[in-house]
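Structure, as structure tokens:
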Amino acid sequence: MKEAHIPVEAFKMALLQIDRIKAAEIFESCYDGDHVFDVLEHLTMGALEEIGRGWEEGDFSLSQVYMSGIICEELIEKYMTIHELVPQKQIKIAIVVLQDHHALGKRIVYSILRASGYDLIDFGQGLSVEEVVEKAMNHNVDVLLISTLMLPSALNVKKVVEALREKKSLIKIIVGGAPFRLDSNLWQRVKADADGKNGTEVTKLIEQLYEGGIQG
């Protein structure tokens, strides 16, 4: 299904109306077209990003944002169980929003990876550099997914990486969020190991990192 034909607006309206039945129908119709999970992720991310912008502009309530995320999580997990992604449960992964409090993107990536069988820990959002480093070390994670909304937070990823390296940690860092979408080279400047634009891509990146791929 071409991106132009994906019913993001209709799905967004179903989410805002907390209409689980309609949302599920749209999800099913998109998946039945070609059985490609990327279409579902584009549908989900597109709708949630619009809802997130609407909330920031005062058009939607926090409860609408929250329930939209919950419904998407339920649908993502349902369809991931029938999708052919190989579980990688032996890899311990954590996800966090550095400094910012906008967690919509994190919610979707979290759902996709959990449904894929990964051992995923949610550190939450709004954490400082020091808190992220401490949690990552204490939980002994293999991969740390860092999401940011604002450029200053994205630039502080470099401090996280440097602090981990000073502690001799080999944790792999995958970054994502608006600043990294706007600047395709930013992930390299902050010394991350990779840049993941969506949940499906993050899944592939994790596999590549552990196969010795991805060169900075």
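Overview of values
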| read-out | value |
| --- | --- |
| Once the Cα gyration tensor of region 96-211 is diagonalised, semi-axes √(5λ) in Å | 18, 17, 15 |
| For region 159-170, 3J(HN,Hα) per residue [Karplus equation, 6.51 cos²θ - 1.76 cosθ + 1.60, θ = phi - 60°, Hz, x = Gly/Pro] | 5, 5, 4, 5, 5, 5, 5, 4, 8, 6, 7, 9 |
| Taking region 87-195 and dividing mean pair separation by its residue count, relative contact order in percent (alpha carbons under 8 Å, at least six apart) | 28 |
| Pair GLU9, ASP122: separation of 7 Å Cα→Cβ label points (nm) | 3.1 |
| Size-normalised alpha-carbon gyration radius of the chain, reference 2.2 N^0.38 Å | 1.00 |
| For VAL97, residues with placed amide H under 5 Å, excluding near neighbours | GLY124, GLN125, GLY126, LEU127, SER147 |
| Descending semi-axes in whole angstrom, ellipsoid equivalent of region 10-79, from the Cα gyration tensor | 21, 12, 10 |
| Inter-label distance for GLU56 and ARG189, nm, one decimal - labels placed 7 Å from Cα along Cα-to-Cβ | 1.9 |
| Only Lys, Arg (+1) and Asp, Glu (-1) charged, at Cβ; the chain dipole about Cα centre in debye | 760 |
| Relative contact order (%) - criterion: Cα under 8 Å, at least six apart; region: the chain | 16 |
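No lab work stands behind these numbers, since they all come straight from the coordinates. On a predicted model such as this, the values are computed, not experimentally measured, just so you know. Backbone-built Cβ (ideal geometry, glycine too); neighbour counts: all protein chains shown.
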